[in-house]
Amino acid sequence: MKVQINPIRTFQNLGKVSLLAGSIISLGLSGMAQAETFRIGITQNNVGVDSYQTTYEQAFEDAAEEADNVDVVVLDAGGDVARQISQVRNLIQQQVDVIIIWPTDGQAVVPAINGARNAGIPVVVTNSNIAEAGQPLIASFSGPNNIQQGAYAAEMMCNQLGGEGNIVQITGQPGYTTAIERQKGFEDRLPEVCPDVKILDTQPGDWNRAKAQRTMEDFLTRYDNIDGVYAADDNMGVGALNAAKSEDRAGEIIFIGATNFAVGYEAMARGEYHGSVYQSPAEDARNALNIAIAVAQGKEVDKMSYFDTPKITQENMDEFEKPVF
Amino acid sequence: MNRIIDLVKRQPIWIFVFICVVFFSFSSPYFFDIRNFSNILVQASTIGLIALGMTFVMINGNIDLSVGATLALAASLAVGLQPQLGITGAVLVGLLSGIVIGALNGIIAWKTGVDAFIVTLGAMIGVRGLVFIYTGEQAFYAHDLAYSDFGASSLFGMPVLALIFICLTIIAHLVLKYTIHGRNVFAVGGNRVAAKEAGIRVGPHMLLNFILIGFLAALSGILLSTQMGASTPNLGRNYELWTITAVVLGGTRLTGGFGSIIGTLGGVLAIAILRNGMNLLQVPSFYVLIILGSILIIVLFIDKRFAEPQGVGA
Amino acid sequence: MLQFFGKHGISVAFVLCVVIFSLSTQKFLSTDNFLTVVMQASIIGTIALGVTFVVIGGNLDLSVGSLLSFATVLVVDLHDKVGPGTAILLMFVFTLLIGSINGYLIGYLRLNSLIVTLGMLSAIQGITLVYSGGKNVDISDQTNTWFAFFGREALFGVPVPAIIFIVLGIILQIVLLKTGFGRKIFAIGGNATASLFSGLRRNRLVFSTYLLSAFTTGCAALILGSRVMGSQNNVGEGYELLVLAGVILGGTSLLGGSGSIARTVIGVLILAMIQNGLLLLGFPYYTQWLVTWVVIIVAVWLDIAAKRGKLFSTY
Amino acid sequence: MNTQTEMKESINSQPEEKPLLKLKNVSKSFPGVKALDGVELDVRAGEVHALLGENGAGKSTLMKILAGIYQPDGGEVFLEDQLVHMSSPLEAREHGVLLIHQELSLVPDMTVAENVFLGNIPRFANMFVNNRHLNERCGEILTRLNCKFKPTEKLGNLSIANQQMVEIARALVFQPKVVVFDEPTASLTDYEKVVLFGVIRELKESGTAIVYISHRMDEIFELSDRISVLRDGTYQGTFYTRQTNEDEVTQRMIGRDLDADIEHQPPELGAKALEVSGLGIDGLYSDISFDVHAGEVVGFYGLVGAGRTEIMETIFGLRKPDSGSVQINGQNLAINSPSDAIDHGLGLVPESRKEQGLVLGMSCKDNTTLANISEFTKLGWIDTSAERKVFEEYMDKLRIKCPGWEYSTLNLSGGNQQKVVIGKWLSTSPKILILDEPTRGIDVGSKSEIHHLIRELAKTGLAVIVVSSEMPEVLTVSDRIIAMYDGRITRCFDRSEVTEDTLIRAITGQTGH
């Protein structure tokens, strides 16, 4: 049943003036159809900051349209923890059936989740997990296994370097669970598979390509002997590749990333980029929605519901479709 | 009746708040609800507490851009030091850090004569550096649940955070309106030279206001961290901009000498209600940015049209 | 002594920076590294050139960070759709259009520049997101486009971004000092009322400073878009303050009426050197923020103290 | 005039001989300037002691030392035979010395009472404002000063003259021993002056010592008991007002003879340069019609607030008229901005030279060419040497004392600043020049120079309008005088027919000719 009028499309047609009117219509329609449906509220981390999150949001809305029995409230915290907490409060006050949260911070949202639990609303965490302390409070986590992804990256790096070399690491936004987990997975696994690969330096790239490019430029000035780069996503990895290319040092460096982006896929096709982890935002979104629906229906769900995120390298890339983001 | 009309004239932002309330009440079934209102108050309290201090500083003819970073520093200390000092000790250190940053800004502005905008722009960048050095880029978690319980607690059916905000708003209003210090805030902002020559100790006076805003920013950060049971190094980014926006919406003049706590409260509520209402209506976040930006400019335009006499274009 | 530091403090700081970092790390003093510093400074620096005009004219521009995001997203997105030439043209058209909105609100409607550009900071961010639908934009064929010239190539061994920054800097310095336009900008910033009484068209002049800052922001977007060959919607977030820090460090007074492009360039280079030098020394990136704090306040303090003739103020 | 004789009589009540305030050998230097060099001054209780000197003679510095704003480098200050150090205005106030500024130091957004008690607000519980007490005490003081406005009125809503009264009220709060008035009449009209003098007389009779600083010789002779003269930071002696005359003190003050009074020949009238008909702006002025011919000087005389400045601003394109028209050289022209006005050959030397006339941070040269910078530019480029030539030409012609073309106007004296503004307009080769209060706050020497200049300009065929609140000035420079009252022209005089009495009647609304 299609009750949710996609606000973006509506607004593009009607223009800015009728902005609020559009929302009222969509709300009115959803109100009429409310009788038999579940209301699921989601508060996302920061839509628009990169394509992954935006594609996720669209996939989520599309999946909700396809499903018969859901009515979704889609909110965006804009990367601000405080705003996310107030959005959780708003969702509690609207008495939705399930809250899906994409945490802006793994620890800071725990009390808000506790608040939802106290109000009798189950919480599903999506994409990036929350801290240990919050684990008993949630119904389920749905998303990639980021520690595993870090470990995959370490293995690919090890293979490509042939067991020894000096590498640098560009991490995601400090404090963000995905960033922490990927770094941990990478740093824990690397000495196990390749004790002779040394991490020279680690700096954050904030999930931002321009920032990562700049960070890499500094690495290149500082170290004459960089053999490999691990970037916590392909967006940053391509930034690092750009920096190395402009110094004519790309040929001597192995680039490993995560969350395969279209740019990373293309660079890999050109032979400039060496490995990543394939992770589909659409699958991420569908997974989260399905689990939330199951929770709403009172079904048993796994506490940790990881979806599959395989390694992708130049050798096996034909098996994967080019990412849409 | 005349007094009400007069009040409306002097506080146009309250008309806007009223219109927003009416509009959202009709457009969303969830808006007009006592629980939603207390949500709005809690949401407003973070920016609101800083805005109280900002009102003093801006009427003084200064500005403080470092409040977002100060907020993060206080929150990080108040959470991060709990294992060593316990909750009370850590919170006190957090509050102290705000006072120290405020005092530092105030002393620099006073003794060097560098414009407060520049002094606090520097502090905004530097204090954030301190936060990162102290936290090592990590978020801290409060292991004692009593800490986050406080953030979620209620008294007389009102969230404690909202009550604290309301109480401090009343106190700030009384201080600004009825104390000698409050009166001097206007004097120093209206004509600094005159105030100095009338025997008001301008430097220490401004220092006191910087300490006040530092304290309030720290308090706001600590209360925010009780809502999260944690602190993050990036907490409070851009809060200085939203605080200034709220204060200006509330009618405080940027060049100093004029403003009120009542107006600031209106400005803070206007932003909180707009955000809350647009969330309820599910306005996409992209449009929320455009709407908030436009409203700020429109209010400024209306204010200028009605507040200033049309005269020589000078 | 005080007078000397007030007048040449920024140059002294520049030399001091070079000497300290050269002594502490061998990598610092090399042509390569120097070019890296200039190149890294080029984006913020190019924007700062236009913002210097705005500030000398007595206003502020906090919207340049958002505008940079907007322009970069636009030019990169249009590159594949309409070709690089048309993309650049359209990018400048729309960027200048937004600059003219700033200019109209501040120049003609006389609204306060801090608040207007604060509002625009938020609004432009929203416009960018609506335009891109929140997605990253990319240039698919990164090797065979002349668009690569702006960010990735070098002329006579000097990276093009550095050339754009320096050449634009020289041109604007000449405009500021040698043309009637520059003189008028100083006049309106120094005393808007007296300028009005002298027949200067304040509205138009303020308007044009915002066009100029939009133009230099557009140039910076060319460099950024070409270097990254893609863009995110928040790529320019926080740039407005770094730009302002560079302008202030260069001794341009926020009250308007005084300032210099050459000193802005040095100011921006000092900030870039601090960042580069501290990284080379192995400090975490955020230590540069602490150093920046101290440097900004000391620089402005000395400047003011020299004008005042006394180190400490007297209120 | 009446008041004059009254004042003369009051002097007969012999002031006490013992000085209340005594300055001995006071010196003060600023970087590059010796502002005061061995200055002596003694002021007695119950006397008005005038301090006279050209701008830059050191009056302001001396006054700021008295008020504790500056500290002397050398010398001593005695108050009631006690050596005192006043390191801040606050300390000076505690000693009973108060300064009333030339530039008002008030806070426009606060109430009258708050301004009167600024820094000294009545309190209870040591922390809170005692509003009732505040307004009552202020009310008492206002009554004593014969002021009509209320303590709760917002200061910004008062006229300049009333704001001046607030300044004085502020001094009275402390029952001061010494009150220093710095050019208190600079922005007052003749009528308001009378009220102020009454207040000063009252203060004096209650035993307060008054230091009165002014450029206006007539005021000083009307009001003071003794006169001390400063020149270039040095003390030139003290005179009993009754035993001296204007010529003597002027000689002491400027060290040379002033040019004799300007001779008036009937002007050689050229064509009608400016014709204003039926001009009006609602609420400001209405039905203004007059004309000015090439070669004549027309004076506009009236009280502050009569609408004179606003009319000039309208002609110059700074305000939009609601009715009427302006013709220049017989052509009906729409002037929408100052730049239109400049294109049509108009120039305006504005009322406030620091706020409206000069960009203080810019050099003398840059200010001189500001209004027609485009004439010095080719394809946007400034021809600096042409600029310098023009500036140096006017520096000579107007005798501007400026160390060099690069020198900032900030550091020039008031008279020289005003000459730079005039030079700026002359360099645009105007056909019609409007001067609004051209000699306000300028010392006698420069004033007379400017008056001569105005006459000379008219002789060269310029049409000149002079707006002034000083009767001697309009009488000195004008060929015709237009009197204004409350937004209307009440009368137009030929120089030959005007008398002081008819002029006063015309500007105070007593239009029974």
| query | Just wondering, is there one or more residues in segment C:70-79 that are among the polar types (S, T, N, Q), assigned to a helix (DSSP H, G or I), within 29 Å of C:Ile266 (Cβ to Cβ) and more than 14 Å from chain B (Cβ to nearest Cβ)? | reply | yes
| query | Considering B:Gly203, B:Gly263, which residue is in a helix (DSSP H, G or I) and more than 28 Å from B:Gly129 (Cβ to Cβ)? | reply | B:Gly263
| task | Kindly indicate whether any position in segment A:246-257 is within 23 Å of A:Gln53 (Cα to Cα) and either within 9 Å of chain C (Cβ to nearest Cβ) or assigned to a loop (DSSP other than H, G, I, E, B) (or both). | result | yes
| said: Residue under question is C:Leu200, and the condition is that it be of a type outside the set (Ser, Thr, Tyr) and in a helix (DSSP H, G or I); does it hold? | reply: no
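Evaluate segment D:111-125: report whether one residue or more is loosely packed, with under 15 Cβ neighbours inside 10 Å and polar (S, T, N, Q). Don't jump to the end; show me each part of the working.
So the first thing to find is which residues in segment D:111-125 are loosely packed, with under 15 Cβ neighbours inside 10 Å, and the list is D:124-125.
From the residues that got through so far, the ones that are polar (S, T, N, Q) too are none.
Scanning segment D:111-125, I find no residue that is loosely packed, with under 15 Cβ neighbours inside 10 Å and polar (S, T, N, Q), so the answer is no.
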| query | Does D:Ala125 count as in contact with a Cys (Cβ under 7 Å, 6 or more places away or on another chain) and farther than 16 Å from D:Gln175 by Cα? | reply | no
| task | Go through (1) of a type in the set (D, E, K, R); (2) farther than 30 Å from A:Ala267 by Cβ; (3) crowded, with 22+ Cβ neighbours inside 10 Å one by one and return the number of the condition C:Asp138 breaks. | result | (2)
| request: Please determine, by comparing only the residues of segment A:162-195 that are in a strand (DSSP E or B) and modelled with pLDDT of 90 or more, which one is farthest from A:Asp105 (Cα to Cα). | output: A:Gly165
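Quick one: in segment C:117-158, which of the residues that are part of a loop (DSSP other than H, G, I, E, B) and acidic (Asp, Glu) is modelled with the lowest pLDDT?
At the first step, the residues of segment C:117-158 found to be part of a loop (DSSP other than H, G, I, E, B) are C:133-136, C:139-145, C:153, C:156-157.
Next, only the ones that are acidic (Asp, Glu) stay: C:141, C:153.
Details: C:Asp141: 79, C:Glu153: 87.
Filtering first and then ranking leaves C:Asp141.
Of all the residues that make up segment D:384-402, how many are more than 25 Å from the chain's Cα centre (by Cα) and more than 10 Å from chain C (Cβ to nearest Cβ)?
9
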| said: Residues to consider are C:Leu114, C:Leu97, C:Leu90; find the one that is in a helix (DSSP H, G or I), modelled with pLDDT of 95 or more and under 21 Å from the mean Cα position of the chain (by Cα). | reply: C:Leu97
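Report yes if some residue within segment B:128-143 is within 29 Å of C:Leu255 (Cβ to Cβ) and assigned to a helix (DSSP H, G or I); otherwise report no.
yes
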| Failed condition for C:Arg227, given (1) modelled with pLDDT of 90 or more; (2) part of a helix (DSSP H, G or I); (3) away from chain B (no Cβ under 12 Å), with all others met? | (1)
| query | Do you know which residues across segment C:39-63 are within 8 Å of the chain's Cα centre (by Cα) and among the polar types (S, T, N, Q)? | reply | C:Thr46, C:Thr52
| note | With criteria (1) crowded, with 21+ Cβ neighbours inside 10 Å; (2) assigned to a helix (DSSP H, G or I); (3) among the hydrophobic types (A, V, I, L, M, F, W, C); (4) free of Cβ contacts under 8 Å to residues at least 60 places away in the same chain, D:Leu62 comes up short on (4)
| task | Out of D:Val97, D:Val48, report the one residue that is modelled with pLDDT of 85 or more and within 14 Å of chain B (Cβ to nearest Cβ). | result | D:Val97
| Residues of segment B:51-69 satisfying the condition of being β-branched (Val, Ile, Thr) and within 25 Å of C:Trp289 (Cβ to Cβ) | B:Val57, B:Ile63, B:Val67
| Verdict on C:Gly169 being assigned to a helix (DSSP H, G or I), closer than 23 Å to C:Leu224 by Cβ, within 14 Å of chain B (Cβ to nearest Cβ) and not basic (Lys, Arg) | no
| said: Condition check: in the same structural domain as A:Leu220 (by TED's automatic domain parsing), surrounded by fewer than 20 Cβ atoms within 10 Å (Cβ to Cβ) and touching a Leu at 6+ places or on another chain (Cβ under 7 Å). Does A:Asn159 satisfy that? | reply: no
| request: Taking D:Gly423 as meeting all but one of (1) away from chain C (no Cβ under 12 Å); (2) part of a helix (DSSP H, G or I); (3) farther than 30 Å from D:Gly305 by Cα, write down the number of the exception. | output: (3)
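Out of B:Ser25, B:Ser66, B:Ser97, report the one residue that is more than 10 Å from every other protein chain (Cβ to nearest Cβ) and at pLDDT 95 or above.
B:Ser97
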| query | Name the pairs whose Cβ atoms lie under 6 Å apart, with the first residue in segment D:225-236 and in the same structural domain as D:Ala57 (by TED's automatic domain parsing) and part of a strand (DSSP E or B), the second among the polar types (S, T, N, Q) and surrounded by fewer than 21 Cβ atoms within 10 Å (Cβ to Cβ), and 6 or more positions between them or separate chains? | reply | D:Arg226/D:Thr238; D:Ser228/D:Thr238; D:Val229/D:Gln236
| message | Being within 14 Å of chain D (Cβ to nearest Cβ), crowded, with 21+ Cβ neighbours inside 10 Å and on the phi < 0 side of the Ramachandran plot: is that true of B:Gly190 here? | response | yes
| field | Residue among A:Glu181, A:Glu192 that alone is under 30 Å from B:Thr232 (Cβ atoms), surrounded by fewer than 24 Cβ atoms within 10 Å (Cβ to Cβ) and not polar (S, T, N, Q) | value | A:Glu181
| field | Residues of segment A:83-112 satisfying the condition of being crowded, with 23+ Cβ neighbours inside 10 Å and among the aliphatic types (A, V, I, L, M) | value | A:Ile85, A:Val88, A:Leu91, A:Val98, A:Ile99, A:Ile100, A:Ile101, A:Ala108, A:Val109, A:Val110, A:Ala112
| Could you list, in sequence order, the residues of segment D:367-415 that are of a type in the set (Val, Ile, Thr) and touching a Ser or Thr at 6+ places or on another chain (Cβ under 8 Å)? | D:Thr368, D:Thr369, D:Thr377, D:Ile382, D:Val390, D:Thr409
| task | Give the residues of segment B:166-202 that are touching a residue at least 60 places away in the same chain (Cβ under 8 Å) and basic (Lys, Arg), sorted by residue number. | result | B:Lys177, B:Arg192
| note | Within segment A:195-241, of all residues that are out of contact with any strand residue (DSSP E or B) (no Cβ under 9 Å at 6 or more places or on another chain) and of a type in the set (S, T, N, Q), the one surrounded by the most Cβ atoms within 10 Å (Cβ to Cβ) is A:Gln213
| request: Return a yes/no flag: does segment A:58-72 have any residue that is buried (at least 23 other Cβ atoms within 10 Å of the Cβ), within 23 Å of the chain's Cα centre (by Cα) and polar (S, T, N, Q). | output: no
| Name the residues in segment D:367-378 that are within 9 Å of chain C (Cβ to nearest Cβ) and either of a type in the set (Phe, Trp, Tyr) or more than 22 Å from D:Leu453 (Cβ to Cβ) (or both), would you? | D:Ile373, D:Ser374, D:Phe376, D:Thr377
| message | Within segment D:303-333, take every residue that is in a loop (DSSP other than H, G, I, E, B) and surrounded by fewer than 18 Cβ atoms within 10 Å (Cβ to Cβ) and give me the one that is farthest from the other protein chains (Cβ to nearest Cβ). | response | D:Gly330
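The values are calculated or read from the model by the stated rules, or taken from the named source; none is laboratory data. These figures come from a predicted structure and were not determined experimentally. Using ideal geometry, Cβ is built from the backbone for each residue, glycine included, and neighbour counts are taken over all protein chains shown.
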